[in-house]
Amino acid sequence: ERLKAQVLVEQKEKQALRELDHLKTTFFSSITHEFRTPLTLIQGPADELLEKTNDPQAKLLIGLIKSNSHRLLKLINQLLDLARLDAGEMRLKLHDTNLTSFFRPRISQFTSLADSRRIDFAWKLQEVLPTAVVDEEKLETIVTNLISNALKFTPEKGNVNVSVTWENGMLQLEVADTGRGIPPDKLKHIFDRFYQVEPSDSTHSEGTGIGLALVKEYVEVMKGKIQVESAQGKGTRFVVMVPAPVSSMQSAPDTVTADKKVEYPQSENGHPEDAQLPLLLLTEDNEDIRSFIKVRLGQRFRYLEARHGKEGLELAIEHIPDLILSDLMMPEMDGMEFCARIKRDKRTDHIPFIMLTAKAAEESKLEGLQTGADDYVVKPFNKAELLAKVENLITLRKNLQSHIKNNVLAQSTPLQATSAEEQFIVKAKGYVENNMSSETLSVESLAAEMALSREQCYRKIVALTGLSPSAFIRRLRLQKAAQLLSARWGTVSDVAYEVGMDNLSYFSKAFKEEFGKLPSEI
């Protein structure tokens, strides 16, 4: 009786899940019909504008509108297909298709995406593939869903391999990756509609949960089968087999082998020629958003780009940008941790930080500001607002430079530093003043004293004072010399030697450049 009751409960739960799934599908299919009209009115004008404009920035923006509206339309069509499958109205649309010509462009289109994610992407087509009778639309959905999923869940420097073979009227597609893998208890659910494997701590979930469900149902409609093998931490392998009988219009075999191995190129950041422009670090996992921000902010800045906080932190320490714009939700390291680590590190704690996020709640803003972020911008953001906040923070940084240069460096008496930036400069200044007459004083020894590499010391001092470390040391020497000369401490030669400047002609020239008069005129 207990077993009967348990079975009855399980049957009711399954029925409830089926009904819920049906309600979801019905709901989405109803509203997606209404989405198609406005999408058409977005895509049509976008196409016309793209044809009429010659402005590169306008073309990029319109291209973003078009590509993302097309992506949305594809999602809508997938939901409508699920509804048709439920109603039993899905029919195959068979065509004579040259399989080599079909697969080559549809697989190779993922090359640039793999490059941008630093993934080794290799694909291979059987040397001879026939012209076969297949449903091109459904086969394309299967191919693109499986490859995009593999790339999405494969980490940097991982591998994705795709192969296509044909034998005795059966077409086989294999997609294997070295991604995070799927837990054994989740594997049986991956083809369920709206099901998504819960993300690990270092990743975030993307998608709708209908891609793999649609793949499985298309394979079944095509009278084929799909298999999946996965091991956590090692990767996943999908194998699809569908009937593909040779066409009665069989053409000569295409003997061209499409064997492609993509090597990830060295990363490079294009900068305008003017190296004096402020350097912005854009840390955002969505490439389209990064491109959009660069177009919005324009040629006023140079740009570095990172896809998550971990990569952003490395770039920030290496390059010491003038400002960081970071998304909140990112894989590997989110914006909160990224900001906190930037502000805790004395190499980067002076860099202004703007948080970009879709979370508009006051609690989220407060949390972001409490980590040390200097400002907060909510998506979708206004161009004028974002530009104003960026320029305001850079102006504040320049004002700080001016304050440090004209006040902190000019102080002859110990200064009570009120900020981390001032404390850094006061410490550096104290080291230089205490070692002026020493032969060991150099940019290298200053960097060692500040526990920084030579490059980090250079970038940090330039960021805070506008002076290179050598110019920083020289200014302090000249200021000390001016004080000694004013106090009649000794001759010009004595003063020059005291502040560590042995070359008298160079000392006189530098002194005049700094104060507008020769040492002998003080």
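I need the calculated FRET efficiency for the pair residue 420 and residue 39, taking r as the beta carbon distance and R₀ as 30 Å, to the nearest 0.05.
The formula returns an efficiency of 0.05 here.
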Tell me, in nm to one decimal, what length is gained between residue 156 and residue 514 on full extension, where the rule is 0.36 nm per residue of separation less the Cα-Cα distance? 123.8 nm
Under a cut-off of 16 Å between alpha-carbon atoms, report the lysines in cross-link reach of residue 52, not counting same-chain residues fewer than 8 places apart. 66
Using amide H atoms built 1.01 Å from N in the peptide plane, name the residues 5+ places from residue 303, or on other chains, whose amide H lies under 5 Å from its own. 280
Which distance in Å, rounded to a whole number, links the C-alpha centroids of region 422-459 and region 465-522? 18
Tabulate in residue order the Karplus-calculated ³J(HN,Hα) for region 161-166, using 6.51 cos²θ - 1.76 cosθ + 1.60 with θ = phi - 60°, rounded to whole Hz; enter x for Gly and Pro. 10, 10, 9, 10, 10, 9
Would you grab the residues whose amide H sits under 5 Å from the one on residue 53? Only those 5+ places off in sequence or on another chain, please, with H modelled 1.01 Å from N. none
A 24 angstrom limit on the alpha carbon distance is what I want to check against. Which of 480/517; 12/186; 74/152; 152/216; 460/509 exceed it? 460/509
Quickly work out the residue 471-to-residue 47 label distance, labels modelled 7 Å from Cα along the C-beta direction, and quote it in nm with one decimal. 5.6
Residues whose built amide H sits under 5 Å from the amide H of residue 119, excluding neighbours closer than 5 in sequence, are 157
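Ignoring ligands, DNA and RNA, what percent of the accessible area of region 440-515 is carbon or sulfur (1.4 Å)? Display every interim value, and only then the final one.
On the way: 1780 of 3660 Å².
Carbon and sulfur together cover 49 percent of it.
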Length gained when the stretch residue 192-residue 503 is fully extended (0.36 nm per residue, less Cα-Cα span): 104.0 nm
Excluding residues fewer than 8 positions from residue 157 in its own chain, the lysines with Cα under 25 Å of it are 124, 234, 260, 261, 310
Between residue 451 and residue 17, what is 0.36 nm times their sequence separation minus the Cα-Cα distance? Round to one decimal in nm. 150.2 nm
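The values are calculated or read from the model by the stated rules, or taken from the named source; none is laboratory data. Every value quoted in this text rests on a predicted model; they were computed, and no experiment measured them. With ideal geometry, Cβ positions are generated from the backbone for all residues, glycine too; neighbour counts draw on all protein chains shown. Protein only, heavy atoms only, side chains kept; ligands, DNA and RNA dropped before computing areas. Shrake-Rupley method; radii C 1.70, N 1.55, O 1.52, S 1.80 Å.
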